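Q: Provided herewith is a single structure, encoded as structure tokens, for subsequent inquiry.
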């Protein structure tokens, strides 16, 4: 009888293992389906934003790319800054990445983020329509100012003008809809210092990458709002700098900046399938030189990362 009891225990143990394995397979399938559904809904967000338990990061040797970028950029001296970050692992490459430059149009993204934060806090689902105030008209960049004082615009359209057309008037309209606390909440979430030079905001290439990364990782706004902003940034009107080195069909969520036709900036996330990376570049030069420099670096980085997927 004792031997029979042992056999029963062994059979029970085997059945228990089989049952647990079957349940694990069901759970794994359900989890995969859930993550797959989220990936379809939020294609521009990090896998970690969709699944905090994700640990599928890949180790990659970036030493050859680092050497190639240095060989190309070092002759530019202090007139060029570049910051690269491979998002699956956080590996970085930087040259003059901590040099300060005027933020200008790049700050339109945090302003839009602050507006969305306010909506989230107040539970606002419908964007209101407002009339343009005289102080909001700005002809420095964009054409919305031509509509004049009193022109009525829905704030959802103002968001699109600010991000996709880099329109100054649209950005000022949105800035008037948020409080200092809204903007401070976003800036605190970005974990970058508020630095100014004669009351003009300044930022580094590395710091600006953190703004786009906050959207990518969904760390400041909801997944829905983070995805929406990134989607808008993949359809901007100005694609002659960073995106010029990336093949058509590869999404690039990016934002340009321009300072007195002397400093050109472009910072974005390039969505190589399974291998997304952030790339921020600043060129103190004329447009033609900036374009040539950024095309070269962008093409070099894309080519290196894209080969990793083969």
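The values are calculated or read from the model by the stated rules, or taken from the named source; none is laboratory data. Since this is a predicted model, take the numbers as computed values, not measurements. Glycine gets a Cβ as well: all are built from the backbone with ideal geometry, and neighbour counts include every protein chain shown.
Q: When you check residue 230 against the structure, is it part of a helix (DSSP H, G or I), farther than 30 Å from residue 40 by Cβ and touching a helix residue (DSSP H, G or I) at 6+ places or on another chain (Cβ under 8 Å), yes or no?
A: no
This table checks each residue for (1) closer than 30 Å to residue 122 by Cα; (2) modelled with pLDDT of 95 or more.
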residue	(1), (2)
180	yes, no
188	yes, no
195	yes, no
219	yes, no
231	yes, yes
252	no, yes
259	no, no
268	yes, yes
271	no, yes
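Q: Follow-up question, since we're still on this one. Please find, within the range 240-250, the residue that is nearest to residue 280 (Cα to Cα) out of those that are out of contact with any strand residue (DSSP E or B) (no Cβ under 7 Å at 6 or more places or on another chain) and surrounded by fewer than 16 Cβ atoms within 10 Å (Cβ to Cβ).
A: Checking each candidate, the answer is 240.
Q: If I filter the range 5-25 for residues that are farther than 30 Å from residue 227 by Cα and modelled with pLDDT of 75 or more, do I get at least one hit?
A: Looking for residues that are farther than 30 Å from residue 227 by Cα and modelled with pLDDT of 75 or more, one finds none in the range 5-25, hence no.
Q: Restricting to the range 177-217, what's the tally of residues that are part of a loop (DSSP other than H, G, I, E, B) and crowded, with 20+ Cβ neighbours inside 10 Å?
A: Counting residues in the range 177-217 that are part of a loop (DSSP other than H, G, I, E, B) and crowded, with 20+ Cβ neighbours inside 10 Å gives 2.
Q: A follow-up question, please. Out of the residues in the range 141-152 that are closer than 25 Å to residue 253 by Cα and surrounded by 17 or more Cβ atoms within 10 Å (Cβ to Cβ), state the one that is farthest from the chain's Cα centre (by Cα). Explain how you work it out, then say what you get.
A: Of the residues in the range 141-152, the ones closer than 25 Å to residue 253 by Cα are 141-144.
The next check asks that each one be surrounded by 17 or more Cβ atoms within 10 Å (Cβ to Cβ); those that pass are 141-142, 144.
Working: 141: 23, 142: 23, 144: 25 Å.
Filtering first and then ranking leaves 144.
Q: Let me ask something else about it. Give me a count of the residues in the range 106-140 that are outside any helix (DSSP H, G or I) and buried (at least 19 other Cβ atoms within 10 Å of the Cβ).
A: Qualifying residue count for the region: 1.
Q: In addition: Can you confirm whether the range 82-105 contains a residue that is buried (at least 20 other Cβ atoms within 10 Å of the Cβ) and assigned to a helix (DSSP H, G or I)?
A: Yes.
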